[in-house]
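**Q** Handing you this structure, nothing more for now.
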Amino acid sequence: TETEIDDVLAYNKKNYVAPNPVYFGKANGKNIIIIHLESFEQFLINFKLPNGEEVTPFLNSLYGDKNTISFDNFYHEVGTGRTSDAETMLESGLFGLPSGTSFFTKLGTENTFQGAPAILAQKKGYTSAVFHGNTGGFWSRNIVYKNLGYNYFFDQSYYDHENPDTQSLNTYGIKDKILFSEGVKYLEQMQQPFYVKFLTVTNHESYQFSDEDNGDFQSTDNPDSKVNQYFKTAHYLDKSVEEFFNYLKATGLDKNSMIVLYGDHYGLGNGQDSKDRKPASVLFGKTPETWTKFDTTQMQRVPFMIHMDGLKGGINHTYGGEIDVLPTLLHLAGINTDQYVQMGTDLFSKQHSQLVAFRNKDFVTPNYTVYRDGDTAQVYSNKTGEEIDMRDNPELLTKVDNWEKRVDLKLKTSDNVNNKNLLRFYTPLGFIPVNPTNYSYQNQVQ
Ligand code: GP9
Ligand code: MN
C-alpha cells in the first residue's frame, strides 16, 4: 500500500551517506563503460598456475595500474538469480529476490525502477546501451531493460553471423571476443556521454569452448576438468578485455571514459553447496574434508575495479558488495543520490557501511563473518578463520545482534519494495518515470 513506501523512505533517509568530496563528480561528463566479468572470482587475480603462468595477465596489470582503484574486499551478494541479481543490484540499487530470479518475475517485467540508465539520462544527458551475445528474450532482458530505461539493447541479432567465429554461439551467447569486436561498431556511433555495459558469457560454467579458442595458453593440468576449463575461459576473457582496452586506447575513448569491471558471482566450487567444494579445495592446499564454510565465504570475493585517466589508483581494502556500486558510480558521475531508494552506500564515503549483507542473511564485517542457522549465529574471526566461542563474549554478542537487525531490515526493506512494487508510489523530485513503451529494440540494421 501507499503508506508502506513511507517506511522505505524513512529507511533510505536514515541510511543515506554523503559522498566523499574527493571523488564526487570525478567522472563528470565521462562515458561510463561497465564490463560484467561472468563468474569471475577475485582469487583469479594474480593467481599463478604450477608452471608459473598467470591466468589473467591483463586484468592483473589493471589491478595494479596507477589509474585503477581495485577493491580486494568486495563481495558478490547474489541469490539464486545469479547474473540477473547482479544486474538488478547494479542498475537499481535493490537486491534480487530471496529466491527465484528477478528478471523472470514481476520484479523485472512489471516493476517501476529508478535505475542507472534513466537517472544518468535525466541528470547528465547520457545515452545508454547493453551488449549481450544471446537473443533479446534470453532472461527477458528485452523487457527488463526497457523498464530500466535503456535506449539500446544490442542482442545477438546485431552481430555478424557470416563470420565463422560467431557460429560458436551456444547456450549463453557469442564468444566474448566477438561481443567486444562486433559491439564497438555500435559503440562508436553512440552519442556521448554514454553509459554502456558489456555482459560477457564465455567464462560461464559449461560454455562450449574449444582448444582453438585457447590460443597459446597451456592446459592447466589440474586433475579436475572443471578447474581446467575455468582457468582456460578466464584466460580467454582476460584476452577479450585486453583487446577491448586496446580498442579504447587506439580510438582515444579511454581518455574520456570511466571503465568499471566487476565479477558477478562465484564460478568455481564456491556456491553454498558442499558438492562444489572439491575443486576449490585442492587449489588452496585443502581437501574437501578440511574445507570449511568460512573458506567458501572467502571465495565470495569478486573483482571491482574502476579505471579512469586522472584517478589515483591503488588497492582499496574497504569492505563492500554489489549493492554499493550504484551510489558509488552515481557520486563519481556527480549525481546526488539522497532522493533515490538504494540499499547500498558509496564505497568512498567516510560513512560507508562495511556491513556486507549476503542474500541468505549471512554477513561479513571487516573483522567477523557471521552465519545464521535458525536462531543461533556462528561467528568466525576473519583473522584466524576460527569460530569464536560466544559464551563468554557478551560484548561481541551485542554487536552481532545489532548487525543481524540491520541486515534483516536492509533485506526486508528491499524485498518490500520489490515484492509490492512500491516505487510506483514514489517519484524522486525532478525525476520523470520511465515509460517502457518509449523504447524499441528492433534490429534496424539487418
Ligand atoms: C548469462 C546469464 C545467465 O548472461 O543470463 O547466467 P547465470 O545467471 O547462470 O550466471
Ligand atoms: Mn552470471
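The values are calculated or read from the model by the stated rules, or taken from the named source; none is laboratory data. Computed from a predicted model, the values in this text were never measured in an experiment. Neighbour counts are summed over all protein chains in view; Cβ atoms, including those assigned to glycine, are modelled from backbone coordinates with ideal geometry.
**Q** Name the residue that is surrounded by the most Cβ atoms within 10 Å (Cβ to Cβ), counting only residues in region 292-312 that are in a helix (DSSP H, G or I) and of a type outside the set (D, E, K, R). Talk me through it step by step, then tell me what you get.
**A** Pass one, region 292-312, residues in a helix (DSSP H, G or I): 293-298.
If we keep only those that are of a type outside the set (D, E, K, R) too, we end up with 294, 296-298.
Values: Phe294: 17, Thr296: 20, Thr297: 22, Gln298: 20.
In this case the residue turns out to be Thr297.
Table: residues versus (1) in contact with a helix residue (DSSP H, G or I) (Cβ under 9 Å, 6 or more places away or on another chain); (2) under 19 Å from Asn20 (Cβ atoms).
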position	(1), (2)
Asp295	yes, no
Leu329	yes, yes
Gln342	yes, yes
Lys350	no, yes
Gln354	no, yes
Val364	yes, no
Asp389	no, no
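**Q** Right, here's the next one. Which condition number does Pro21 fail, the rest of (1) surrounded by fewer than 21 Cβ atoms within 10 Å (Cβ to Cβ); (2) within 16 Å of ligand 2 (Cβ to nearest atom); (3) within 28 Å of Lys124 (Cβ to Cβ) being met?
**A** It is condition (2) that Pro21 fails.
**Q** Give me a count of the residues in region 276-297 that are in contact (Cβ under 8 Å) with a residue 40 or more places away in the chain and either under 15 Å from His265 (Cα atoms) or not hydrophobic (A, V, I, L, M, F, W, C) (or both).
**A** The total comes to 6.
**Q** Checking His36 against (1) under 24 Å from Val302 (Cβ atoms); (2) over 14 Å from the mean Cα position of the chain (by Cα), which test does it fail?
**A** Result: His36 passes all but (2).
**Q** Can you pull out the residues in region 54-70 that are surrounded by fewer than 15 Cβ atoms within 10 Å (Cβ to Cβ) and assigned to a loop (DSSP other than H, G, I, E, B)? Lay out the reasoning, then the answer.
**A** Initial filter on region 54-70 (surrounded by fewer than 15 Cβ atoms within 10 Å (Cβ to Cβ)): 57, 61, 64, 66.
Result: Gly64, Lys66.
**Q** Can you spot a residue in region 366-379 that is surrounded by fewer than 21 Cβ atoms within 10 Å (Cβ to Cβ), at pLDDT 95 or above and assigned to a loop (DSSP other than H, G, I, E, B)?
**A** Within region 366-379 (the criterion being surrounded by fewer than 21 Cβ atoms within 10 Å (Cβ to Cβ), at pLDDT 95 or above and assigned to a loop (DSSP other than H, G, I, E, B)), the answer is yes, since at least one residue qualifies.
**Q** For the list (1) within 13 Å of ligand 1 (Cβ to nearest atom); (2) β-branched (Val, Ile, Thr); (3) within 16 Å of Tyr236 (Cα to Cα), I need the number of the one condition that Val78 fails.
**A** With (1) within 13 Å of ligand 1 (Cβ to nearest atom); (2) β-branched (Val, Ile, Thr); (3) within 16 Å of Tyr236 (Cα to Cα) applied to Val78, the lone miss is (3).
**Q** So how many residues does region 112-165 have that are within 16 Å of ligand 1 (Cβ to nearest atom) and among the basic types (Lys, Arg)?
**A** Adding up the residues that qualify gives 1.
Matching residues to (1) more than 16 Å from the chain's Cα centre (by Cα); (2) of a type in the set (Gly, Ala, Ser):
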position: Asp85; (1), (2): no, no
position: Ser92; (1), (2): no, yes
position: Pro98; (1), (2): yes, no
position: Phe103; (1), (2): no, no
position: Phe113; (1), (2): yes, no
position: Ala118; (1), (2): yes, yes
position: Ala121; (1), (2): yes, yes
position: Ser128; (1), (2): yes, yes
position: Asn134; (1), (2): yes, no
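**Q** While we're here: Please state which one of Ser257, Ser281, Ser240, Ser206 is among the polar types (S, T, N, Q), in contact with a Phe, Trp or Tyr (Cβ under 6 Å, 6 or more places away or on another chain) and under 24 Å from Ala86 (Cα atoms). I'd like the intermediate steps shown before the answer.
**A** Details: Ser257 fails: in contact with a Phe, Trp or Tyr (Cβ under 6 Å, 6 or more places away or on another chain); Ser281 fails: under 24 Å from Ala86 (Cα atoms); Ser206 fails: in contact with a Phe, Trp or Tyr (Cβ under 6 Å, 6 or more places away or on another chain).
None of the others qualify; the one that does is Ser240.
**Q** If you check Thr166, Thr171, which single one turns out to be at pLDDT below 95, of a type in the set (Val, Ile, Thr) and within 16 Å of ligand 2 (Cβ to nearest atom)? Can you show your working first?
**A** Details: Thr166 fails: within 16 Å of ligand 2 (Cβ to nearest atom).
From the options Thr166, Thr171, the qualifying one is Thr171.
**Q** Is it true that Ala129 is farther than 23 Å from Asn421 by Cβ and of a type in the set (A, V, I, L, M)?
**A** yes
**Q** I'd like the full set of residues that are in a helix (DSSP H, G or I), in contact with a Gly (Cβ under 6 Å, 6 or more places away or on another chain) and charged (D, E, K, R), limited to region 71-112. Can you show your working first?
**A** Start the filter on region 71-112 by keeping residues that are in a helix (DSSP H, G or I), which leaves 82-92, 106-109.
Now narrow it down to the ones that are in contact with a Gly (Cβ under 6 Å, 6 or more places away or on another chain): 85, 88, 91-92.
If the condition is that a residue be in a helix (DSSP H, G or I), in contact with a Gly (Cβ under 6 Å, 6 or more places away or on another chain) and charged (D, E, K, R), then Asp85, Glu91 are the ones that fit.
**Q** Could you please give the count of residues in region 78-129 that are within 16 Å of ligand 2 (Cβ to nearest atom), at pLDDT 95 or above, closer than 14 Å to Ser140 by Cα and surrounded by fewer than 24 Cβ atoms within 10 Å (Cβ to Cβ)?
**A** Looking only at that region, the number is 1.
**Q** Among the residues of region 1-49, how many are modelled with pLDDT of 95 or more, outside any loop (DSSP other than H, G, I, E, B) and under 30 Å from Lys177 (Cβ atoms)?
**A** 10
**Q** Checking Arg141 against (1) more than 16 Å from ligand 2 (Cβ to nearest atom); (2) among the basic types (Lys, Arg); (3) within 22 Å of Ser440 (Cβ to Cβ), which test does it fail?
**A** (1)
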